[in-house]
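Take a look at the structure set out below.
The numbers here are math on the coordinates, done by the rules we state, and not lab data. This one's a predicted model, so the numbers in the text were calculated from it and none came from an experiment. We place every Cβ from the backbone using ideal geometry, glycine too, and count neighbours over all the protein chains shown.
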Amino acid sequence: MITKQRVIELAEERMKERDNGLFIVDLTISASNVIRLELDKHNGGVTVEDCVSVSRNIEHNLDREEADFELHVSSAGLDKPLRVHAQYVKNVGRGLDVKLKSGETAGGTLVEAGESAIVLETEEKRQIEGKKKKETVVIRKEVPFVDIAEARVVISFK
């Protein structure tokens, strides 16, 4: 039987050898032994070589005689929500759209990714007492991880 722990050990063994900031975002193993492993990297993006290297280490160290399997190793992808703390840390400084468990939404620039919460920053024009013109005000909002249903990086082509 193929266990998650064994696949994680093999993946981490190769990621440690590569020493380029790779980390596991998600791992699933179906009842029919379809293994899906998603990777991300602290700096930059996951390369094809990263995926091939991790895939080969897993494939060469699992015994197909014991249990046949299908293996898919890929990058986490820009279109998918953030799922692990390291992804939030990696994306500090980027725009984020957040759906809260309460149904509300929040958005802004991710300026901090702490252990228990993130901090989003937005700018608004507001009327300041005693001033004729509206002024831009920076608003910071702390969002605890336990309140986040989904968070996605805002993709911008500017």
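If you work out volume of the Cα convex hull per residue in Å³ from the coordinates, which of [x] 143; [y] 101; [z] 126 do you get? Only one listed value fits the structure, namely [x].
Among D50, D147, the ranking by other beta carbons within 10 Å of each residue's beta carbon, starting with the fewest, stands as D147, D50.
Legend: ranking of residues S53, S74 from fewest to most surrounding C-beta atoms inside 10 Å; resulting order S74, S53.
In a solvent-free Debye calculation with one equal scatterer on each Cα, what is log10 I(q)/I(0) for region 85-153 at q = 0.17 Å⁻¹, listed in the order of the q values? The Cα Debye sum returns log10 ratios of -0.61.
What 222 nm value per residue comes from the helices of the chain, counting each DSSP H run with n ≥ 4 as -39,500 (n - 2.57) and dividing by all residues, nearest 500 deg cm²/dmol? Let's see the in-between values first.
On the way: 3 runs with 35 residues, N = 158.
Mean residue ellipticity, 222 nm, calculated: -7000 deg cm²/dmol.
For the chain, the longest principal axis of the Cα atoms and the long axis of helix 4-18 meet at an angle of about 80 degrees. Legend: distances between Cα atoms for K99/K134; K16/K41; K4/K99; K41/K90; K16/K80; pairs beyond 19 Å are K99/K134; K4/K99; K16/K80.
Using alpha carbons only, how many degrees (0 to 90, rounded to 10) separate the axis of helix 48-61 from the longest principal axis of the chain? Result, in degrees: 40. Largest GNM mean-square fluctuation across E112, E135, E59, computed for the chain with C-alpha springs under 10 Å, falls on E135.
Name the lysines eligible as straight-distance cross-link partners of K133: C-alpha to C-alpha under 20 Å, and not fewer than 8 places from it in the same chain. Answer for K133, where 20 Å is the Cα cut-off: K125, listed by chain and number.
In region 85-153, taking the dipole from charged Cβ atoms about the Cα centre, the farthest positive-side position among S116, A86, A106 is held by A106.
Order of M15, M1 from fewest to most other C-beta atoms within 10 Å? Don't jump to the answer; show the numbers that get you there.
Details: M15 20, M1 7.
Fewest to most other Cβ atoms nearby, the residues stand as M1, M15.
On the principal axes of its alpha carbon atoms, region 4-75 extends 37, 20, 20 Å, with the longest extent given first.
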